1. Collect residues whose amide H, placed 1.01 Å from N in the peptide plane, falls under 5 Å from the amide H of PHE57; neighbours closer than 5 in sequence don't count.
2. Kindly write out, for segment 13-22 in residue order, the coupling ³J(HN,Hα) from the Karplus curve 6.51 cos²θ - 1.76 cosθ + 1.60 (θ = phi - 60°), rounded to whole Hz, with x marking Gly and Pro.
3. Accessible area of LEU239, 1.4 Å probe, to the nearest 10 Å²?
4. Let me have the 222 nm mean residue ellipticity of the chain computed from DSSP H runs of 4+ only, each contributing -39500 (n - 2.57), with the sum over all residues rounded to the nearest 500.
5. Ordering ARG54, ARG82 from largest to smallest accessible area (1.4 angstrom probe), what's the sequence?
6. Would you mind working out the magnitude of the charge dipole of segment 39-83 relative to its Cα centre, with +1 at each Lys and Arg C-beta and -1 at each Asp and Glu C-beta, to the nearest 20 Debye?
7. Leaving ligands, DNA and RNA out of it, report the carbon-plus-sulfur percent of the accessible area of the chain at a 1.4 Å probe.
8. Take the Cβ-Cβ distance between HIS238 and ALA201 as r, set R0 to 22 Å, and report the resulting FRET efficiency rounded to the nearest 0.05.
Amino acid sequence: MDFSLNGKVAVVTGVSRGLGRAMAIALAQAGADIVGVGYHGMGSTQAEIEALGRRAFPITHDLGNSELAPALAKKCVDAFGRVDILVNNAGIIRLSPAENHTAEDFDAVMEVNLRSLFLLTRDIARQMIALGGGKIINTCSVQSCRGGSGDAAYVASKHAVYGLTRAWANEWGKYHINVNAIAPGYMVTDNTANLRTHADAVAQINAQIPMGRWGQPEDLMGPVVFLASSASDYVNGHLLAVDGGYLNC
């Protein structure tokens, strides 16, 4: 029962596909109703959640405009009257050599990955404080702990999200709000589709993963339920790597 989310309401951003879809379904399987935020709404994720007997409320929203974040937070709370769990999963990446990285690309990445995340979390946390607690889970990356190559803005944003995770854990722990992060490794998602067309690069990456394979979105299902449930009530400010052992190499 420590892993049950019955009666809880979870907000998941970037919910229509990939990692966000898998985590939203996992939370619904554990008993939570889902408010799904996505650039194109929830897509087929809504029907999958409702087929589990849970409620799903879609919100179509562009996280590339952080000025809309306060209105988004209100919509999320109003959907089912409360938010117990927030999963900040939406993110973008712009690839280019650092010497050619444009200010426009840098700003676009920071707007979605950092500024909108900060503002949405701030406003939903106020409601969690009033409720007496909650769970916040940020999707970081193994690049939150490494330097990366060819994705400087993305790496900077994910380092910053890890920093926010730790800062918020310090500040909001006294309100019974747990703030943790998941660091996916190399995952089979749309963001990596182009990279996965290069056989040599895939082979090189596989050689650095002790488990010898890339992760699937479903590999995040267990970890997100753990961090969202009472099973993790004494886990705070932690970065949980789901990477097949990549960071150990």
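1. Under 5 Å from the amide H of PHE57 lie the amide H atoms of ILE34, VAL35, GLY36, each far enough along the sequence or on another chain.
2. These are the phi-based 3J(HN,Hα) values: 8, x, 8, 6, 7, x, 5, x, 4, 4 Hz.
3. Near enough 30 Å² of accessible area.
4. That calculation yields -11500 deg cm²/dmol at 222 nm.
5. ARG82, ARG54
6. My answer is approximately 220 debye.
7. C and S fraction of accessible area: 52 percent.
8. After rounding to 0.05, the efficiency reads 0.15.
The values are calculated or read from the model by the stated rules, or taken from the named source; none is laboratory data. Predicted model only: the values in this text are computed from it and were never measured. Positions of Cβ are backbone-derived with ideal geometry, glycine not excepted, and every protein chain shown enters the neighbour counts. What goes into the accessible areas is simple: the full protein's heavy atoms, side chains included, and nothing from ligands, DNA or RNA. Shrake-Rupley method; radii C 1.70, N 1.55, O 1.52, S 1.80 Å.
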